[in-house]
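Values quoted throughout were computed directly from the atomic coordinates according to the rules given, and no laboratory measurement underlies them. Since we're looking at a predicted model, the values are computed, not measured. Here the Cβ positions follow ideal geometry from the backbone for every residue, glycine too, while neighbour counts run over all protein chains shown.
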Amino acid sequence: MTGPDRSTLLRAAAARAVLEVTDRGHTLESAVALVGRDLAVGDRAALQAIAFGTVRSLLRLQPAIASLANRDWSKTAAPVRALLLTGVFELEDAATPPHAVVTSTVEAARVLGQPKAAAYVNALLRRWQRERATALFAADRSPAGRYAHPNWLVQQLERDWEGRAPEIFAANNARAPLWLRVNLARTTREAYVAQLLAAGIAATAGDWLPSAVRLAEPQPVEGLPGFAEGLCSVQDAAAQLAPYLLTPPLPGVPLRILDACAAPGGKTGHLLEAFASATVVALDDDATRAERIHQNLARLGLAHRAEVKVADAGQPADWWDGQLFDRIVLDVPCSGTGVIRRHPDIKLLRRPTDIAGFVATQERLLGALWPLLAPGGELLYASCSVLKAENGLLIRRFLRQQPAAAEVTAAASSRLSGGAPVVVTPGLPGLVLLPGAADQDGFGYAVLAHRAAGASDEGS
Ligand SMILES: C[S@@+](CC[C@H](N)C(=O)[O-])C[C@H]1O[C@@H](n2cnc3c(N)ncnc32)[C@H](O)[C@@H]1O
């Protein structure tokens, strides 16, 4: 007797990965890694595509499928629900012929220990093929179904961004491209793009940021020319602003930088590439993630200019040697609402009450680190959130409490080229990049200068 074929095992694994997220609260990345171990290596990319695509559209597909089901959706066994979601996602995605999707998904019900549900899965998938338009029309009735975002986040993004919210939802629901940061200390962007093209990898230079390159199709990094030697790093263009927003040192003048929430070291490496006279203290409170700072710096050949420490940035007494920093980068832990296209599970795992917790941590870190900044120095606050609570509102409160801090984001952003897709909200400090603009992630930045002793507000 032969066992289930590979395509059936793939569909069962995809449903399991979705279940890990929806019913066990695991991240999608860890879920795919976990269930992918049981699959043939050649099927893991397909697993990733189906699981990520399903989770990305889950809040839209769920009410649509439920509207066609002749059983109570909430009483349907969880593995069957997950299987129907992956099957319908695949029918909508159209990457695989529909008959193959239906056959394998129905068979997968048996692999998932739900043999009695096979006929039901078959009937519902076939009904979807006939009545998808009606079903999607039913999903349109609620904001969550229309935009594939939880209602609380729809409301929050609409409050924060009004007319721009629909473009944020659309960008969050799209697949993310792969962006690279070219190591401009070692090569030019033109030369590196030429190397990519010579290796058969289609790529274009980003419009407005000198280090950014966008690949036409995501690639395994090991296949990128010079990756192992540090010619490039994987980093979304929106995450590549740090060295442009900070005032560079005069040539040869040492610059002492604190990268306070540094792992996996994307910004640490970029700062060291950009500022030849800089040294960095790279801090993270997660020892496993901090290992990746070491790995990334070793690959870039920059380990000798950084000191990596595992500690709570909010408790300087545990790790600070008492020497002030010329620049501080505080890339805070946050809701991740700017990077939903890369982590669609955020839409299912995040709770509205989480936001206040993130804000409390962000305020704690900012308050603890400000005294470590030298007079005349600059602190760059960064988050991959597009919520105003985690960006401008928080910075505005901080500025009101801290008279030595002056907001200089506007002057700093004049170093960016004219086409930078930054949004500035009147009355709020900082700038925001909205997800999807120039095909980038969403990010928030604010630059705060420590007024040198004796400086005043007058004339500023
Ligand atoms: C947004 S990620 C940083 C990304 C990083 N800057 C980069 O560009 O690659 C936030 C990091 O903050 C770390 N973190 C969270 N709370 C922290 C704390 N209290 N002290 C230090 N690091 C913390 C997390 O472990 C996580 O690695």
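Per residue, how big is the convex hull around the C-alpha atoms of the stretch 147-218? Give it to me in cubic angstrom, could you?
Cα-based convex hull of the stretch 147-218, divided per residue, equals 114 Å³.
Set Lys and Arg Cβ to +1 and Asp and Glu Cβ to -1, take the dipole of the chain about its Cα centre, and tell me which of Gln401, Ala263, Gln62 lies farthest positive.
Working it through, the farthest residue towards the positive pole turns out to be Gln62.
With unit charges on the beta carbon (Lys/Arg positive, Asp/Glu negative), name the residue among Leu85, Ala203, Thr361 whose Cα is farthest towards the positive pole of the charge dipole of the chain.
It is Leu85, whose Cα lies furthest towards the positive end.
Taking just the alpha-carbon atoms of the stretch 6-148, what radius of gyration and Dmax come out, in angstrom?
In Å, with Rg to one decimal and Dmax whole: 13.8, 41.
How much of the pair distance distribution for the stretch 44-103 lies past 18 Å, counting alpha-carbon pairs only, in percent?
Result: 33 percent of Cα pairs exceed 18 Å.
I'd like to know which of Ala282, Gln440, Ile168 lies farthest towards the positive end of the charge dipole of the chain, counting +1 on Cβ of Lys and Arg and -1 on Cβ of Asp and Glu.
The residue sitting farthest along the positive end of the dipole is Ile168.
For the stretch 179-234, what's the radius of gyration and Dmax over Cα atoms, in angstrom?
Spelled out, the Cα radius of gyration and Dmax of the stretch 179-234 are 9.8, 27 Å.
Apply 1/(1 + (r/R0)^6) to the Cβ-Cβ distance of Arg175 and Ser417, taking R0 = 25 Å, and write down the FRET efficiency to the nearest 0.05.
That pair, Arg175 with Ser417, gives E of 0.40.
List the equivalent ellipsoid semi-axes of the stretch 125-280 in whole Å, largest first, each obtained as the square root of 5λ for an eigenvalue λ of the Cα gyration tensor.
Square roots of five times the eigenvalues give 40, 22, 12 Å.
The stretch 179-260: which GluC sites (Glu not before Pro) are DSSP loop and have at most 16 other beta-carbon atoms within 10 angstrom?
Glu229
Once the Cα gyration tensor of the stretch 318-459 is diagonalised, what are the square roots of 5 times its eigenvalues, in whole Å and ordered largest first, as equivalent ellipsoid semi-axes?
In descending order, the three semi-axes are 26, 19, 13 Å.
Pairs of lysine in the chain with Cα under 27 Å and at least 8 positions apart or on different chains: total?
Pairs that pass both the separation and distance tests number 6.
Would you work out the charge dipole size for the chain about its Cα centre, treating the Cβ of every Lys and Arg as +1 and the Cβ of every Asp and Glu as -1, and quote it to the nearest 20 debye?
Charge dipole, the chain, about its Cα centre: 1320 debye, nearest 20.
Hey, fewest Cβ within 10 Å first, where do Ser57, Ser277, Ser67 land in order?
Taking fewest neighbouring Cβ atoms as first place, the list is Ser277, Ser67, Ser57.
Charges at C-beta only: +1 for Lys and Arg, -1 for Asp and Glu. How large is the resulting dipole of the stretch 179-234 about its Cα centre, in Debye rounded to 20?
The dipole of the stretch 179-234 has a size of about 120 debye.
Determine, for Ile355, Ile293, the number of other Cβ atoms within 10 Å of each Cβ, and report the residues in order from fewest to most.
Ascending number of Cβ neighbours within 10 Å: Ile355, Ile293.
Between Gln155 and Asp207, take the C-beta separation as r, use R0 = 30 Å, and let me know the FRET efficiency to the nearest 0.05.
0.40
Return the calculated 222 nm mean residue ellipticity for the chain, to the nearest 500 deg cm²/dmol, obtained by summing -39500 (n - 2.57) across DSSP H runs with n ≥ 4 and dividing by the residue count.
-13500 deg cm²/dmol
Which value in nm describes the separation of the simple spin-label points at Ala298 and Arg186, placed 7 Å from the Cα toward the beta carbon?
1.5
Assuming 0.36 nm per residue, please report the length gained on full extension of the stretch Thr96 to Glu167 beyond their Cα-Cα distance.
The Thr96-Glu167 span can extend by a further 22.7 nm.
Suppose the Debye formula is applied to equal point scatterers at every Cα of the chain; what is log10 I(q)/I(0) at q = 0.08 Å⁻¹?
Treating every Cα as an identical point scatterer, log10 I(q)/I(0) equals -0.52.
Between 0 and 90 degrees, rounded to the nearest ten: what's the tilt of helix 151-161 against the longest Cα principal axis of the chain?
The two axes meet at around 40 degrees.
I'd like the orientation of helix 98-111 relative to the chain: the angle between its Cα long axis and the longest Cα principal axis, in ° from 0 to 90, rounded to 10.
On a 0 to 90 degree scale, this one is about 90.
Test of understanding: ordering Val332, Val422 by Cβ neighbours within 10 Å, fewest first, what list do you get?
Listed from fewest to most nearby Cβ atoms, that is Val422, Val332.
What is the gain in length, in nm to one decimal, between Arg289 and Ala123 on full extension, counting 0.36 nm per residue of separation less the C-alpha to C-alpha distance?
Roughly 55.2 nm would be gained on extension.
Give the peptides 164-171, 96-103, 14-21, 42-49 in descending order of average Cβ contacts within 10 Å, highest first.
14-21, 164-171, 42-49, 96-103
Set the Förster radius R0 to 41 Å, insert the Cβ-Cβ distance between Glu363 and Val221 as r into 1/(1 + (r/R0)^6), and round the FRET efficiency to 0.05.
Once the sixth-power term is evaluated, E becomes 0.70.
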